[in-house]
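K.L.:
First, the structure itself, so that you have it in front of you.
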Amino acid sequence: MIKDGKDIIFVWIPDHFDLVGNSTADRAASEARGGCILDESMPFSDFKPFISKYLQGKWQTQWDALPSSKLRDVVPLLSEAVPRCRTSRREETVLARLHIGHTYVTHSHLLKREDPPFCVACDEIFTVEHFLLCCADLIEIRHKHFTAESLKVLFRDVLLDKIFFS
């Protein structure tokens with residue numbers, strides 16, 4: 001028994017069955033613990049955190065190997081992804097499009113085979129990052145509702161209601 005009245009229980013899982021050398025190792029381990037073998041099942045819920053952590057690591061490795069993207073710049077660690085909590089599907093859609101930097105205003109020119117839109121005030125290509133963080137015409141509105149130096153900080157630290165102001 002360990003302090004605070006907690007017990008440690010060792011569970012042996014016979015995954016070495018009939019493998020040369022492993023049976024010998026299993027016998028030695030069994031002898032070391034006094035031959036006491038418990039035949040108890042283990043619920044899947046005990047393995048779920050390990051499986052989730054393993055899969056999250058595999059997914060993160062694949063995510064890191066991808067070429068740079070607007071979404072990865074905002075969410076470099078998948079474990080830090082911003083949970084969705086908007087009450088309307090419309091707001092969720094707008095938020096997702098802002099995260100990836102693809103909106104009708106900023107990307108419709110691709111479908112229309114036109115030049116990209118330019119911000120008249122700044123003479124720069126009109127992007128989500130530009131109008132949320134940089135545009136000179138929107139500076140007063142931004143400072144009234146939020147300040148952020150990057151989209152990552154904006155979507156991580158600013159309350160969504162400040163972005164969805166009316």
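K.L.:
Under a Cβ-Cβ cut-off of 15 Å, what is the net charge of the residues other than C135 that fall near it, where Lys and Arg count +1 and Asp and Glu count -1?
P.N.:
Details: positive: R142, K144; negative: D123, E124, E129, D137, E140, E149.
Cβ neighbours under 15 Å give a net charge of -4.
K.L.:
Collect residues whose amide H, placed 1.01 Å from N in the peptide plane, falls under 5 Å from the amide H of E124; neighbours closer than 5 in sequence don't count.
P.N.:
C119
K.L.:
In this model, which of K58/K162; K48/K162; K70/K144 are farther than 32 Å apart at the alpha-carbon?
P.N.:
On the way: K58/K162 35 Å; K48/K162 37 Å; K70/K144 26 Å.
In this structure, K58/K162; K48/K162 exceed 32 Å between Cα atoms.
K.L.:
Here's something else I'd like to know. Describe numerically, in nm with one decimal, the distance between label points set 7 Å from Cα along Cα→Cβ at L66 and at N22.
P.N.:
With each label placed 7 Å out from Cα toward Cβ, I get 3.6 nm.
K.L.:
Sticking with this one: Take the Cβ-Cβ distance between Y54 and R97 as r, set R0 to 30 Å, and report the resulting FRET efficiency rounded to the nearest 0.05.
P.N.:
0.40
K.L.:
Work out, step by step, the length gained on full extension between H107 and S45: first 0.36 nm times the residue separation, then minus their alpha carbon distance; give nm to one decimal.
P.N.:
17.9 nm
K.L.:
Output the peptides 146-153, 119-126 sorted from most to least packed, where packing is the average of other Cβ atoms within 10 Å over each peptide's residues.
P.N.:
Those peptides, ordered most packed to least, come out 146-153, 119-126.
K.L.:
Can I ask one more? With θ taken as phi - 60° and the coefficients 6.51, -1.76 and 1.60, list the Karplus ³J(HN,Hα) couplings across region 123-140 in order, rounded to whole Hz; mark glycine and proline as x.
P.N.:
Going residue by residue, I get 6, 10, 4, 7, 10, 4, 4, 4, 6, 7, 10, 10, 4, 5, 5, 9, 4, 5 Hz, with x marking Gly and Pro.
K.L.:
Hey, what D do you get for region 82-163 in µm²/s if you plug the Kirkwood alpha-carbon radius into Stokes-Einstein at 37 °C and 0.692 mPa s?
P.N.:
Answer from the Stokes-Einstein relation: 239 µm²/s.
Bear in mind that the values in this text are calculations on the coordinates, not laboratory data. Computed from a predicted structure; not experimentally measured. Cβ coordinates were reconstructed from backbone atoms using ideal geometry, including for glycine residues, and neighbour counts include every protein chain displayed.
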